[in-house]
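Have a look at the structure below before the remarks.
The values are calculated or read from the model by the stated rules, or taken from the named source; none is laboratory data. Every value quoted in this text rests on a predicted model; they were computed, and no experiment measured them. Cβ placement follows ideal geometry from the backbone for every residue including glycine, while neighbour counts extend to all protein chains displayed. We work out accessible area using only protein heavy atoms, side chains counted, and drop any ligands, DNA or RNA first. Shrake-Rupley method; radii C 1.70, N 1.55, O 1.52, S 1.80 Å.
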Amino acid sequence: MFETALIGMPPLCWARLARTRVVGAVVGAALLAAAALLIGELAGLLPQQPRAEAVVGYGPLTALLIGAGVLAERRLRGRRPRTERTYHATVALCSYLAVVLLLFTPYYVIFALREPWVPSTDLVLPLPPGYSVTADTGTAGGCGSGTCSRGLTVIGPAGQSAADTAARLRGWLTTRHGWRLDANGSGSRRIGWLLDPRLESVDVGLADQRVDILLEGGDGWH
C-alpha cells in the first residue's frame, strides 16, 4: 500500500498542477508510463536486473517531468496565479519527493539490497525435454551467513546415468539460461546492475547417484 501510494502521487499531483491540455496530456502520459513500468518491475513482470535503479530513479525522473511541464506551461500561459488548488498540489508533490529521496530511497539501498533472498526456480527452469524435478526444498532450504538456499533434485530420461544427466543439465543451463559454469558445475552472477550487489548462484552436482541443483541467493556483502 505504501509503495502504491508513492508511485501514484506524481500523476495525481500533475493532474492538479496542469493548466494546458497538450502539455498536461504529454506529461501525464509520461508519468503514467513511468508508474506502470515501475509497478511492472516490482510485480516481477519485467526483468529484475534494473529493479534497484528503477526504484531509486523514479522520484528524480517524475520530478524532472513535472518540472519540465511546469516550465513549458509557464512559457505558454505566463506565471501561475497562487491559488489554494495549486498550493496543495505543490505541497503534496514536495512531500512525496521528500519521503522518496530523503527516507525511502536510502532505506531501500542500505537495507533492502542487503537482504539475502530465496531463489526462484526460474533460474534453471524450464529443463530440457525429458527431464523433471522430483524434489524441491522451496523456502525450507534455509538462510545463513548472508545466503538463502534452495535445493532441487532432477532426473533425466529413462536409462540415462546420473553423470550424463548432470553433464546435459550443465550444458543446458549455459546455452538456455545464460549461466557461466566452471568445471565443477558452479556459477554466480549479480542479479542487478549498479546499485544491487546481491548474487544468485547455481551448482549442479552428483550425490548418491542423483543429480542435485543447489540455488543460492546472497546479499553480495559476505
Which ones in region 187-210 are modelled with pLDDT of 95 or more, over 19 Å from residue 47 (Cβ atoms) and open to solvent by less than 40 Å² (accessible area, probe 1.4 Å)?
204
Quick one: which of 93, 152 is of a type in the set (A, V, I, L, M), more than 30 Å from residue 13 (Cβ to Cβ) and open to solvent by less than 30 Å² (accessible area, probe 1.4 Å)?
152
Flag if residue 103 is more than 27 Å from residue 179 (Cα to Cα) and more than 23 Å from the chain's Cα centre (by Cα)
no
Assess whether residue 103 counts as being under 24 Å from residue 194 (Cα atoms), modelled with pLDDT under 85 and buried (at least 17 other Cβ atoms within 10 Å of the Cβ).
no
Restricting to region 17-49, count the residues that are of a type outside the set (S, T, N, Q) and open to solvent by 30 Å² or more (accessible area, probe 1.4 Å).
18
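Which fully enclosed strands (runs of 3 or more DSSP E) of region 129-222 have 1 or more residues being under 21 Å from the mean Cα position of the chain (by Cα)?
Output list reads 147-155, 186-190, 199-207, 210-218.
Listed residues 150, 170, 114, 180; which is of a type in the set (Lys, Arg), without any contact (Cβ under 8 Å) to a residue 12 or more places away in the chain and more than 30 Å from residue 66 (Cα to Cα)?
Result: 180 is the single residue among 150, 170, 114, 180 that is of a type in the set (Lys, Arg), without any contact (Cβ under 8 Å) to a residue 12 or more places away in the chain and more than 30 Å from residue 66 (Cα to Cα).
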